[in-house]
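Chemist: Sharing a structure below in structure tokens format, with a few things to ask.
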Amino acid sequence: MNRPARKPLRRRFLVALGHAIHVTWPVLSVLLAIQLALGLLIGFVEGWPLGDAVYFTFITGLTIGYGDLVPKQALSRALAIGIGFLGLFVTGVIAAIAVHAMLSALTDSGSDGERC
């Protein structure tokens with residue numbers, strides 16, 4: 001009895017990753033939108049150009065923090081903390097998506113219902 005060939009692990013991982021991103025995209029997009037809104041508000045309060053505000057948002061959200069743009073106002077600093085916390089959540093969600101996709105790919109049941 002010939003069984004159909006199973007999808008390679010990489011393909012199963014990519015399919016599971018695509019599905020997980022599709023499911024979690026609303027959460028990710030809201031988190032990123034809030035981060036960007038906070039960054040634009042910081043840019044407005046600090047008088048930064050739009051590009052600098054977006055740059056600051058992602059550098060802070062990714063917890064890199066080069067230090068080339070530093071908020072001076074108390075409100076801006078508080079908002080920057082919010083961007084940092086949201087960045088941790090975004091990183092956590094992305095890591096969870098990758099782990100879920102790998103687990104799904106490794107335990108993907110074939111057409112015969114058996115688990116590997």
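The values are calculated or read from the model by the stated rules, or taken from the named source; none is laboratory data. Given the structure is predicted, the values throughout are model-derived calculations rather than measurements. Counting neighbours? That spans all protein chains shown, and the Cβs are built from the backbone with ideal geometry, glycine included.
Chemist: Within the range 84-109, how many residues are more than 30 Å from residue 7 (Cβ to Cβ) and outside any helix (DSSP H, G or I)?
Modeler: Total meeting the criteria: 0.
Here is a yes/no grid of residues against (1) assigned to a helix (DSSP H, G or I); (2) at pLDDT 95 or above; (3) over 14 Å from the mean Cα position of the chain (by Cα); (4) farther than 20 Å from residue 16 by Cβ:
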| position | (1), (2), (3), (4) |
| --- | --- |
| 54 | yes, yes, yes, yes |
| 63 | no, no, no, yes |
| 75 | yes, yes, yes, yes |
| 82 | yes, yes, yes, yes |
| 111 | no, no, yes, no |
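Chemist: Only one of these conditions is not met by residue 24: (1) among the β-branched types (Val, Ile, Thr); (2) without any contact (Cβ under 8 Å) to a residue 60 or more places away in the chain; (3) assigned to a helix (DSSP H, G or I). Which number is it?
Modeler: Unmet for residue 24, out of (1) among the β-branched types (Val, Ile, Thr); (2) without any contact (Cβ under 8 Å) to a residue 60 or more places away in the chain; (3) assigned to a helix (DSSP H, G or I): (2).
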